[in-house]
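Comments concern the structure below.
The values are calculated or read from the model by the stated rules, or taken from the named source; none is laboratory data. These figures come from a predicted structure and were not determined experimentally. Neighbour counts run over all protein chains shown; Cβ positions are idealised from the backbone, glycine included. The protein model used for the area step is the full one, side chains on, heavy atoms only, and it has no ligands, DNA or RNA in it. Shrake-Rupley method; radii C 1.70, N 1.55, O 1.52, S 1.80 Å.
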Amino acid sequence: MSAVTLPQGKHYIHFILPSIKIYYTLNTLLTDISTTNNNEQHFIVIGVEHNNRKRHFLSLTIDELSKLLYSLESPKRTLYEILCQNNFCKLYFDVDIYIDKSLLLNIQESLSILQDLFHYIISNCTNQLTYNSTSSAGHFLVLSASTELKHSYHLIYTNTNVRFGSQQIIFQFIIMILYHCSQFILSHLCHQQFLQSINIHAENNFNNCLKHLQTILTHTNFYSNGFYQWIFDLHVYNKNQQFRLYKATKFGQDNPLLTTSDFPFNGQNEQHDMFMNNVINYDTILNHALISYTINNTNLLIVSYNESKWSLTDQNKNHIIDITATNYFTSLIVPNKSTFETNRIQRTTTINTTEASNKQDHLKNVVLKLIKKIYHGNGYVLSCQQGTKNQSLFFYNIGGEFRYCEHLQRHHKSNRTCIIIDTFTYKYQIKCKDPDCRNFKPPWKDISQFIE
């Protein structure tokens, strides 16, 4: 076992939980869980960052995790919840708001609108089964952490009975709702006039629809040379996604993810309670903050998506109701005579040939700046290809001496790399083509400083 786990007593977590196995790789841990017939849903799978984005992995009970969070000093709480592929998940959002680009953004108002929108939709689709109030109060937990550059918010839908079948289904659900809302917004003349007044052109494509919705929700827009800063991070809905835990901080920083007085949960705020009483029930907030942990609830309703149809099932995948056929859900599909009505649930972002060519040329210069200024390397663009399923992605194959690998944190000797630019989120990643790095998921990093 020593080949796959750290020796006992070699990690600071062992001083708090001596018998816990800490694994070098996530796949080994997940395989061990499955072969021992443990139910992943009853454990919380955790990633612990230790340096240069490298992580170790362990699985804990809720009591063990609570003890760990309580015992660790803040700089060592570099903990991430692993959203395992087969686990049911709460609806969640990761919102990044860059301070120097926020303009007149009203954060509290914008996030409140977001909460109201999604709670209203979910509660109306399920109210005949859950009898939940359509009020968003108490149904969203908002956690916040800030740096000098940005404010980060995690919004977690804490309804005790509603879960989603996977992270990918959550992504589909969010995109569908935003898409239909944007169509509704554009169908009203007053909003069209508002959009025109701030010089946004109502082109008939999916990307622009989301831009319009963003503008309405936040009363601002982030344009720079044709690029757009979206406040949602759409890269957090992947298989085995690692999502920062409540009270946790990033490596090398001391900015724990906590509740905030702007969005008190059930009328409470941690920092105020700690000041007044020097005590708080962390377990209550922790239970709500965990996205994939579900236990002792036999009445769960699982939102599922299959063959373009939305439905509710129980935990055993038994069909309960076809949401797509309900009156409320069909009302989300707003009749629209525009040319993109037939593609209304499509995830692709339509970009015309001229626009794509211009962006491709501009991004080539951005890529060369990245290589030189951040990685101090010499390289050139061999070729570029726009994504087919997601046309906001541009793939730049790099030649020359630049062979940097995020996995190894150094250059390879021979294997080439690809720099991927997402024009929808203003982020990039470096994908290594070495076979040994095939399963590594490189981080997405901000690119806005290089967009002129």
Spin-label point model (7 Å from Cα, Cβ direction): what's the His50 to Asp283 distance in nm?
3.0 nm
Cα-projected label distance for Lys76 with Tyr12, points at 7 Å along beta-carbon direction, nm
0.5 nm
Set the Förster distance to 51 Å, then compute FRET efficiency between Ser383 and Glu148 from the Cβ-Cβ distance, nearest 0.05.
0.85
Rounded to a whole number, the Stokes-Einstein D of the range 354-450 in µm²/s (Kirkwood radius over Cα pairs; 25 °C; 0.890 mPa s) is 182 µm²/s
Loop trypsin sites (Lys or Arg not before Pro), the range 416-452 (other Cβ atoms within 10 Å of the site Cβ: 12 or fewer; DSSP):
Arg438
Subset of Lys54/Lys76; Lys239/Lys431; Lys372/Lys441; Lys373/Lys427; Lys10/Lys239 violating a 19 Å alpha-carbon distance limit:
Lys372/Lys441; Lys10/Lys239
Using alpha-carbon positions, the gyration tensor of the range 12-71 gives root eigenvalues a ≥ b ≥ c; with a/c under 1.5 called rounded, otherwise prolate if a/b exceeds b/c, else oblate, the class is oblate
For the residue pair Lys445 and Asn161, what label-to-label distance in nm results when each label sits 7 Å from Cα along the Cα-to-beta-carbon direction?
4.7 nm
Just to verify a number: what accessible area does Glu73 come out at with the full protein assembly present, 1.4 Å probe, Å² rounded to tens?
130 Å²
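Add +1 for every Lys or Arg and -1 for every Asp or Glu among the other residues with Cβ under 13 Å from the Cβ of Tyr24, and state the total.
On the way: positive: Lys10, Lys21, Lys54, Arg55; negative: Asp32.
Every neighbour counted, the sum reads +3.
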Full extension between Thr61 and Lys373 adds, at 0.36 nm per residue less the Cα distance, a length in nm of 107.9 nm
